[in-house]
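K.L.:
Please read through the structure below; I'll follow up with questions.
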Amino acid sequence: MQLYHQYKTTFHLETKSLSISNLFQFTTIIDHAKFIQQAINTEQHFEDCWSSLHLTQARASFAQERIFLDEQVRFSFKESNTTYLVPIIYRLSSISKTVSIVRLHRALQEVVKKHSILRTALYLDTNGALVQHCLDINDTHEYLGFTVINHYGNDEFQKQIPIIMNEPKLIDLAKGRVIHCHILRYDRNAQLSSQNDDLLCVGDLILLNLHHASFDAWSVSIFFHDLTLAYESDSSLSTDDNVLRYIDYSVHERQMDMTQSREFWHSQLKEYDIKHLLSLPVDRYRLHTERRSAAPFIDELNFNNDTSTSFLNYASSHSITPYQLALTTFYVFLFKLTNCQSDLCISSFYANRHRTELQNMIGMFVATLPYRIQLDPRWSFDELAEHVREKCSSIFEHSHYPLQQILADSNLNHSNAPFLKTLFHLHTVVPEEVLWTVDGASLEPVSSSVFLDAQFDLELVFGYNPTPDENRLSCGFLCLPDAFDETTFNAITRRFRLFYSQLFTTNLSKDLTDKFHISIKNLSVLLPEEADEIQGIVFCRLLNIGSEAQAFHAQTSIALGLLPLTPLEEHLRCIFGEAFGNESPNINMSFEQMGGTSINVLWACSLIRRQIEIKIEPTLLFANPSVRQLACAIKPWLNIRNELSITSKTLD
């Protein structure tokens with residue numbers, strides 16, 4: 001026995017692969033060496049195939065830690081903290097079919113029994129570590145909330161639904177209460193009879209609330225598959241004590257060798273300037289850890305069949321996924337919205353079920369990851385899409401590396417990481433989100449957008465439904481009122497709607513193709529009224545000098561994408577010609593395209609200081625490398641200088 005335990009300790013054999021009976025039967029050193037080698041090979045097999053550890057308590061997973069701490073730090077001030085709740089609402093649509101409340105309650109209990117994560121408490125131990133504890137399988141009434149409410153169907157009651165769903169005492173992580181079900185039943189006769197007291201009829205609602213620390217979007221189809229099976233059979237769900245559970249996963253993931261992933265993410269954020277915020281048109285700047293509003297602005301955009309088909313055809317013909325194409329579109333939009341910032345870093349979600357054993361498990365696996373792209377303004381949309389495809393492929397291999405470590409390795413934290421202010425996500429709709437059928441009764445999902453709470457300053461969520469012929473693509477914008485005024489938010493969503501249509505409208509196939517081939521810097525996010533205003537300014541300037549011919553020429557120029565030069569642009573054009581050795585420089589061309597060097601830039605700055613009498617640093621010219629861009633950057637300063645000059649003369 002001592003030799004057996006010595007072997008296990010020396011060779012780190014933790015499984016039962018080494019049999020003590022074999023040691024008694026075969027007593028030579030050679031025989032023992034063979035058995036130990038077999039046991040080591042078995043250990044390696046067990047590492048390749050994660051197995052159950054039969055635990056009831058362990059340290060929380062990285063994903064649970066991230067959500068728990070974020071909720072405690074950033075959102076603890078809210079009386080009703082719904083930031084990380086997952087609301088699921090169904091309305092019974094069948095006229096002739098009903099649903100039994102008692103059977104539904106029993107079915108929910110069976111699902112909670114089978115999936116221990118739905119009866120798992122999360123709390124900090126005495127050492128400050130976040131611990132998960134799987135509660136007794138026989139006490140489902142302690143942690144499965146179930147409430148039946150009868151109502152009379154008036155409008156006032158409908159307004160109470162968010163209040164009912166957001167009751168703070170329904171969910172309690174420390175006690176393992178991570179799921180609650182409300183039944184909202186319409187009392188059609190103002191007095192329910194004993195005969196139909198158990199039945200849900202057409203129009204009645206089932207409201208489910210689950211905590212995100214125990215449940216993610218991938219879990220939805222698994223949850224409703226087992227719930228349907230338990231309801232229709234009205235019997236216990238089969239369970240296997242040896243099956244891998246979420247608590248086992250949380251232990252296995254901490255034993256993974258993440259050296260390569262650490263190096264990968266360090267390289268992704270190398271030389272990333274933490275002070276380099278995206279130049280979004282925010283109305284107020286704020287820290288990531290500051291208190292946030294519970295009522296974000298939300299705008300849902302539904303794309304028509306033509307643009308959806310064009311979008312999906314582009315993805316198919318270029319061998320990229322809808323996610324990658326939507327991300328490319330968002331990158332270009334941000335590039336234009338931020339006045340051509342080329343180093344863009346935002347957050348995105350990744351399912352992170354990177355092993356076969358995790359595919360059919362309910363739990364929280366989602367990783368929040370930084371997606372950084374350093375684009376070249378001269379790239380076409382096609383070229384950027386290819387870079388995004390490669391970027392996503394490289395991230396796939398390292399998606400399991402936790403955000404906490406990514407931040408720590410790069411000397412960042414939640415408060416100073418700029419990419420944690422902007423989110424992109426694509427959600428693929430599962431069948432249960434379109435229609436849930438149980439025992440012949442059909443239940444339709446009810447929009448839960450009223451319960452959404454923004455975690456980022458600006459979020460873009462694409463919805464992709466691969467099954468129907470219509471309504472396959474949609475998207476939703478969310479933003480925090482703490483950062484954006486509603487008018488600013490509305491302008492952003494309008495710009496995106498027009499930009500998306502500009503890219504994927506199929507009326508003019510040649511024009512559509514050209515938009516994917518031209519430089520992304522030449523794409524536009526101008527609103528119609530802004531384009532009209534520019535045109536009006538040009539016309540007024542020319543009409544004031546009484547030149548109808550010039551006005552006609554201006555109209556033609558605008559139609560061709562050209563604008564007449566202002567006096568400032570004419571002056572800068574002459575300076576560019578002298579500094580960069582170009583007799584007739586294109587006002588939309590950067591000095592780099594003209595062959596300009598750093599010495600030329602210094603000379604141009606010197607000429608501007610002397611001739612236009614405004615102090616300009618090389619950094620401004622690098623940020624605005626063309627005549628037209630530089631004129632736009634300088635003009636406000638000239639206006640202020642002129643106003644101050646007029647005021648001074650008036651005072652004199």
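K.L.:
I need the phi-derived Karplus couplings for region 430-438: 6.51 cos²θ - 1.76 cosθ + 1.60, θ = phi - 60°, integer Hz, Gly and Pro marked x.
P.N.:
Computed from phi, the couplings for region 430-438 are 9, x, 5, 7, 9, 7, 10, 10, 9 Hz.
K.L.:
Over region 297-522, what is the relative contact order in percent, taking alpha-carbon pairs closer than 8 angstrom and at least six residues apart?
P.N.:
Relative contact order of region 297-522: 30 percent.
K.L.:
Something else: Quote the charge dipole size of region 57-247 about the Cα centre in Debye, to the nearest 20; the model charges only the Cβ of Lys and Arg (+1) and of Asp and Glu (-1).
P.N.:
200
K.L.:
Assign unit charges at the C-beta atoms only (+1 for Lys and Arg, -1 for Asp and Glu), then state the dipole size of region 218-357 relative to its Cα centre in Debye, rounded to the nearest 20.
P.N.:
Dipole magnitude for region 218-357 comes out near 720 debye.
K.L.:
Additional query: Which value in nm describes the separation of the simple spin-label points at Ser393 and Gln593, placed 7 Å from the Cα toward the beta carbon?
P.N.:
That separation, rounded to one decimal, is 3.0 nm.
K.L.:
Apply 1/(1 + (r/R0)^6) to the Cβ-Cβ distance of Ile137 and His266, taking R0 = 35 Å, and write down the FRET efficiency to the nearest 0.05. Walk me through the intermediate numbers first.
P.N.:
Working: r = 43 Å, r/R0 = 1.23.
Efficiency for this residue pair is about 0.20.
K.L.:
Taking other Cβ within 10 Å of each residue's Cβ, how do Tyr123, Tyr186 sort, fewest first?
P.N.:
Ranked by crowding around the Cβ, least crowded first: Tyr123, Tyr186.
K.L.:
A follow-up question, please. Gln405 versus Gln158, label points 7 Å from Cα toward the beta carbon: distance in nm?
P.N.:
Those two pseudo-labels are separated by 4.9 nm.
K.L.:
Turning to a different aspect of this structure: First check a/c for region 297-522, with a ≥ b ≥ c the square roots of the eigenvalues of its C-alpha gyration tensor; if it is under 1.5, answer rounded, and if not, answer prolate when a/b is larger than b/c or oblate otherwise. Can you show the working numbers first?
P.N.:
Working: a/c = 1.34, a/b = 1.07, b/c = 1.26.
It comes out rounded by the Cα gyration axes.
K.L.:
Treat the count of other C-beta atoms within 10 Å as a stand-in for reagent exposure and order His425, His571 from fewest to most.
P.N.:
His571, His425
K.L.:
Moving on to the next point. Which entries in Lys391/Lys635; Lys275/Lys391; Lys114/Lys159; Lys515/Lys615; Lys113/Lys159 show an alpha-carbon gap greater than 30 Å?
P.N.:
Listed pairs above 30 Å: Lys391/Lys635; Lys114/Lys159; Lys515/Lys615; Lys113/Lys159.
K.L.:
Would you work out if region 246-348 is rounded, prolate or oblate? Take a ≥ b ≥ c from the square roots of the eigenvalues of the alpha-carbon gyration tensor; rounded if a/c is under 1.5, else prolate when a/b is larger than b/c, oblate otherwise.
P.N.:
It comes out oblate by the Cα gyration axes.
K.L.:
With 10 angstrom as the radius, rank Arg185, Arg494, Arg609 by how many other C-beta atoms surround their C-beta, starting from the fewest. Walk me through the numbers before you get to the answer.
P.N.:
Details: Arg185 21, Arg494 16, Arg609 13.
The fewest-first ordering by Cβ neighbours comes to Arg609, Arg494, Arg185.
K.L.:
Give the long-range amide H neighbours of Ser442: residues separated by 5 or more places, or on another chain, with amide H under 5 Å away, using H modelled in the peptide plane at 1.01 Å from N.
P.N.:
Amide H neighbours of Ser442: Ser93, Ser94.
K.L.:
Whose amide H sits under 5 Å from the amide H of Phe146, counting only residues 5 or more places off or on another chain, with H placed in the peptide plane?
P.N.:
Amide H neighbours of Phe146, under 5 Å, 5+ apart: Cys181.
K.L.:
Can you compute 3J(HN,Hα) from phi for each residue in region 94-105, using the Karplus curve 6.51 cos²θ - 1.76 cosθ + 1.60 with θ = phi - 60°, rounded to whole Hz and x for Gly and Pro?
P.N.:
Here the 3J(HN,Hα) series is 6, 7, 9, 10, 10, 10, 7, 5, 5, 5, 5, 4 Hz.
K.L.:
Explain nothing, just compute: Karplus ³J(HN,Hα) = 6.51 cos²θ - 1.76 cosθ + 1.60, θ = phi - 60°, for every residue of region 54-69 in order, whole Hz, x for Gly and Pro.
P.N.:
6, 9, 10, 8, 6, 5, 5, 6, 4, 5, 5, 4, 4, 6, 4, 5
K.L.:
For Ser279 and Thr505, calculate 0.36 nm times their separation in residues minus their Cα-Cα distance, and state this gained length in nm to one decimal. If you can, show how the numbers build up before the last one.
P.N.:
On the way: separation 226, 0.36 × 226 = 81.36 nm, distance 2.82 nm.
That pair, Ser279 and Thr505, stretches by 78.5 nm at full extension.
K.L.:
For region 173-282, which GluC sites (Glu not before Pro) are both in a DSSP coil and crowded by at most 13 other Cβ atoms within 10 Å? Let's see the in-between values first.
P.N.:
On the way: sites: Glu232, Glu253, Glu263, Glu271; in loops: Glu271.
Of the GluC sites (Glu not before Pro), the ones in loops of region 173-282 whose Cβ has at most 13 other Cβ atoms within 10 Å are Glu271.
Readers should treat all values here as calculations from the given coordinates under stated rules, not as data from a laboratory. Bear in mind the structure is a predicted one, so any value in this text is a computation, not a measurement. A quick note on method: Cβ atoms are made from the backbone with ideal geometry, for glycine too, and the neighbour counts reach across all protein chains shown.
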